[in-house]
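Undergrad: I'd like to ask you about the structure that follows.
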């Protein structure tokens, strides 16, 4: 859903407002169909919640349909994109429901922003404004639900990020190396060897770096958690004063604060948990597994490294091999960009294009450096090997 400022809403003519209302209708109608489909491929509580959301979104679509029809617009002529729906469902099956939920959360936030602006500008009649407030409340509840579901899959999402970041590093770094070697030597064998050596070396380096980094962070956090837990037992008054200061700054009333502190003084575990969240922004639930993180990063780095390298194993023509390597790597970079965009709450398309541009730019630069080195140093191994092969055949 596109973002519209308060001032822009006021200045819009009837046709522009219809366009905004139509976008809202299509978004709600699409979400209703998508939630229904996702409900069919998920299980348990999540499946039930998605089915409920589908029905709620259908009622929201009817609300926008009524507004459009009041403006004289025929909603029957509007078609929901089946291609977009298929892509989302395919993404859910390939990437997992958690990532799609993350993407849907971004859509709910955009809807909340637009509906809030429409209400603030007073563009609708009083009865429609009341109805829109109800719709907005539903959207806020949806966004809250998605956040809760995301918390359940936080460990999974962290490992997805490890895998994707490892793969993207492998893709970009090894593509740059193989492109440079292709430019310098023009020989598939040496390009493959160079790519594999850099790939396995990079995977080892990345895995060790990830392990040490995550382990160090985890040890620091565990130390902080243990300190807070000890303070909650043996220095309870200090902890209570600290929590009191934090919550008072946030505007909590004295009477409410006193009741809360009384309850916390009788429950050390809750005091420790609130202290961790409010004072340090930590949670025992989100501590990452350093070994798993290292394994995901290293393994997917190797997978990423193989993508730009493998074409040279099967294609003897260096130009075709290079183009194939660039194409496959761009495809994978686009895919990883989409996943990074979804998991980070960014535009998937923008992130995909950014990844592709960065990777291909790095490859172009190193290929140019390789060609320059080849010209300056008079080295072109592919031709030398070819001449040597012919010489031995003549003998």
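Undergrad: Going by average Cβ density within 10 Å per residue, which order do the peptides 225-232, 293-300, 322-329 take, highest to lowest?
TA: Values: 225-232: 17.1, 293-300: 22.6, 322-329: 19.4.
Averaged packing, sorted descending, gives the order 293-300, 322-329, 225-232.
Undergrad: Sort the following peptides by mean Cβ neighbour count (other Cβ atoms within 10 Å, averaged over residues), highest first: 14-22, 197-205.
TA: Averaged packing, sorted descending, gives the order 197-205, 14-22.
Values in this text are rule-based calculations from the coordinates and carry no lab data. These numbers come from a predicted model, not from an experiment. Because the Cβ atoms are built from the backbone with ideal geometry, glycine has one as well, and the counts that use them run over all protein chains shown.
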